[in-house]
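Colleague: Once you've had a glance at the structure underneath, I'll fire off some questions.
Derivation of every value follows stated rules applied to the coordinates shown; laboratory data play no part. Note that the coordinates shown come from a computational prediction; the quantities given were computed from them, not determined experimentally. As a convention, Cβ positions derive from the backbone with ideal geometry for all residues, glycine included, and neighbour counts pool all protein chains shown.
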Amino acid sequence: AAAWSLLFFALDPNFLAHASLATNDVPVTALMTLALWLWTEWASSGNIRWAAGAGATAGLAAATKLTGMVLGPVMAAAALWPPPRDLRRALPGLGLAAAAAGAASLLVYSPDKFHLFLESLAYRSKLMADPAPTFLLGRAYPQGWALFYPLVLLLKTTPPLLSLAAAGLWRRDAWARP
């Protein structure tokens with residue numbers, strides 16, 4: 001699996017085209033992937049150290065790029081849906097992960113600079129409230145188009161990655177909670 005992943009990565013046109021640019025997209029993707037892996041380890045073992053590691057990694061991902069903030073709701077939904085048999089087991093992990101995420105974010109943004117993070121978040125929220133015009137498939141949409149990102153993802157993602165995603169969705173029963 002690792003060799004296939006490396007092959008798909010090495011031949012991905014998006015990475016080849018942007019390899020000379022130093023952006024934070026790859027680090028935030030790596031941190032988000034690591035956080036989700038640590039979170040699944042916590043979900044399967046119940047060891048609280050996995051939850052702390054997942055939270056700290058999610059905090060670093062959010063500090064790297066605001067896209068990483070999506071991990072909070074994703075991790076909470078993964079822990080609470082389907083409803084666990086013992087809610088008392090899930091809540092400490094969620095709480096510890098949230099505390100670790102906050103602590104990791106404060107390591108990147110010191111308390112006197114944390115306002116920059118909050119200002120950035122407010123700015124992005126304002127941009128999201130007023131959709132930008134988009135141009136897609138020969139047509140302009142003045143207020144954006146609801147299916148813009150799914151269609152672009154479908155058109156720009158390589159066929160091997162799309163097939164792996166489809167296989168993952170098809171095999172989602174393997175991820176079922178015991």
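Colleague: Excluding SER120 itself, what net charge comes from residues whose Cβ is under 13 Å from its Cβ, given Lys and Arg +1 and Asp and Glu -1?
Modeller: Neighbour charge sum, excluding SER120 itself: +3.
Colleague: Work out from phi, with θ = phi - 60° and the Karplus expression 6.51 cos²θ - 1.76 cosθ + 1.60, the ³J(HN,Hα) of each residue of region 25-41, listed in order in whole Hz, and give x for Gly and Pro.
Modeller: Karplus values, whole Hz, x for Gly and Pro: 5, 5, x, 5, 5, 5, 5, 5, 5, 4, 4, 5, 5, 4, 5, 5, 5.
Colleague: Scan (1) -0.61, -0.68, -0.96, -1.11; (2) -0.74, -0.81, -1.04, -1.17; (3) -0.76, -0.89, -1.32, -1.38 for the value of log10 I(q)/I(0) by the Debye sum over Cα atoms at q = 0.12, 0.13, 0.17, 0.19 Å⁻¹ calculated from this model and give just the label.
Modeller: (3)
Colleague: Over the chain, with a Gaussian network built from C-alpha contacts below 10 Å, which listed residue (ALA97, ALA35, ALA167) shows the highest mean-square fluctuation?
Modeller: Of ALA97, ALA35, ALA167, the Gaussian network model singles out ALA167 as fluctuating most.
Colleague: Choose one answer from LEU38, LEU60, LEU16: the residue with the largest mean-square fluctuation in a GNM of the chain with alpha-carbon springs under 10 Å.
Modeller: LEU16
Colleague: Here is a follow-up. Near LYS113, which lysines are there with a Cα under 16 Å away, not counting those fewer than 8 places off in the same chain?
Modeller: Answer for LYS113, where 16 Å is the Cα cut-off: LYS65, listed by chain and number.
Colleague: Could you pull out every residue, at least 5 positions away or on a different chain, whose amide H is within less than 5 Å of the one on LEU136? Hs are placed 1.01 Å off N in the peptide plane, and Pro or chain starts have none.
Modeller: So LEU136 has HN proximity to TYR141.
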